[in-house]
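Each remark here refers to the structure printed beneath this line.
Since every read-out is calculated from the coordinates, none of them should be taken as a lab result. Note that the structure is a prediction, hence the values are computed from the model and not measured. All Cβ positions, even for glycine, are placed from backbone atoms using ideal geometry, and neighbour counts span all protein chains on display.
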Amino acid sequence: MSTKPTVVLVHGFWGGAAHWSKVILELTRRGHSGLRAVELPLTALAEDVERTRKMVQQVGGPVVLVGHSYGGAVITEAGNADNVVGLVYIAAFAPDAGESPGALTQQHLPAAAPNLAPDSDGYLWLKPDKFHESFCQDLSADEGLVMAVTQKAPLASTFGDEIERPAWKHKPSWYQVSSADHMIAPDNQRMMSARLNARKVVTLDASHASLASRAAEVAQLIDEAVAALQ
């Protein structure tokens, strides 16, 4: 492949595309000029996958999909698009067929599970006063406050949506494990990364928000994936 793949970044629950801001800057410094970041509705897996597929189609050329957290489930399904050439998981769900993020979470409950709170409209929030310790304990208190106040809650039902056809079974993948993650248990991450048969697994002593706290290392892994697929 001679054309440099475009990197499309897919965020997870309790955040938006701006969660990738530090990685975007790092990748730009490394010469990635065609970056895209999807803004998901977080209303259903099928709707989030469709939004991602539409952006992938607009790119036209080869794409490397990068998913953080629940965004990993999204790229697992959206990665079946013909022009997606690789997948990078950042402290993310990588479900198999018939699995959902919720079912995987139940296998190893994360430390912050008690800090989730549903509202009367069916949205699932991370308690603002617990956000910093739960999601991004290796960022400053100020950064944690901003993330807490601007969090984007998913419809709780999205947790139960199952993967139909996992793209990682037939496309190359990379995985970054956060060993101090309170949102997706590190044991779950290690299990998922092992069965991917990933080209490379990087473990960082990081929170769930490694895309913000360890942006340079995350960008390095993405850059390596792109280089391998070029």
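Using 0.36 nm per residue of separation minus the Cα-Cα distance, give me the extension gain between LEU25 and THR43 in nm, one decimal.
Residue separation times 0.36 nm, minus the Cα-Cα distance, leaves 3.6 nm.
The helix-based estimate of mean residue ellipticity at 222 nm for the chain, built from -39,500 (n - 2.57) per DSSP H run of four or more residues and divided by its residue count, is -10000 deg cm²/dmol to the nearest 500.
Label-to-label distance for SER33 and ASN83 is 1.8 nm, based on points extended 7 Å past Cα in the beta-carbon direction.
For segment 117-209, the square roots a ≥ b ≥ c of the C-alpha gyration tensor eigenvalues yield an a/c of 1.5 or more together with a/b not exceeding b/c, which makes the shape oblate. For the chain, with the dipole built from +1 on Lys and Arg beta-carbon atoms and -1 on Asp and Glu ones, taken about the Cα centre, which of GLN107, GLN137, LEU35 lies farthest toward the positive end? Positive-end residue among those listed: LEU35.
For segment 1-67, just say rounded, prolate or oblate: build the C-alpha gyration tensor, square-root its eigenvalues into a ≥ b ≥ c, call rounded for a/c under 1.5, and beyond that prolate if a/b exceeds b/c, oblate if not. Here segment 1-67 falls in the oblate category. Taking Cα atoms only, the orientation of helix 186-195 departs from the longest principal axis of the chain by about 30 degrees.
With the convex hull drawn over the C-alpha atoms of the chain, the volume per residue is 103 Å³.
Against the chain, whose longest principal axis is taken from its Cα atoms, helix 45-59 shows a tilt of about 30°.
Within the straight-line cut-off of under 19 Å between alpha carbons, the lysines reachable from LYS152 are LYS22, LYS127, LYS130, sequence neighbours fewer than 8 places apart in one chain being disregarded. Sorting TYR175, TYR123 by the number of Cβ atoms found within 10 Å of their own Cβ, with the fewest placed first, yields TYR123, TYR175.
For a straight C-alpha distance cut-off of 21 angstrom, the lysines reachable from LYS171 (same-chain residues fewer than eight places away being disregarded) are LYS4, LYS54, LYS200. Once the C-beta distance of GLU143 and ALA227 is scaled by a Förster radius of 35 Å, the resulting FRET efficiency is 0.70 to the nearest 0.05. Extension gain, THR150-ASP119: 0.36 nm per intervening residue step, less the Cα-Cα distance, totals 9.5 nm.
Reported value for segment 1-132: 124 Å³ per residue, from the convex hull of its C-alpha atoms. The share of alpha-carbon pairs in segment 168-230 lying farther apart than 15 Å comes to 51%.
So for ASP223, ASP161, ASP142, ASP96, fewest C-beta neighbours within 10 Å to most, what's the order?
On the way: ASP223 18, ASP161 21, ASP142 9, ASP96 15.
Placing the least packed residue first, the sequence is ASP142, ASP96, ASP223, ASP161.
Stretching LYS127 away from GLN106 to a fully extended chain increases their span by 5.6 nm, per 0.36 nm per residue minus the current alpha-carbon distance. Per-peptide packing, taken as the mean over residues of other Cβ atoms within 10 Å, places 27-37, 182-192, 210-220 in the sequence 210-220, 182-192, 27-37 from highest down. A simple spin-label model places the labels of ALA216 and ARG190 2.7 nm from each other, with each point 7 Å out along Cα-to-Cβ.
For segment 101-155, the orientation-averaged shadow of the C-alpha convex hull comes to 4.1 nm² (one quarter of the hull surface).
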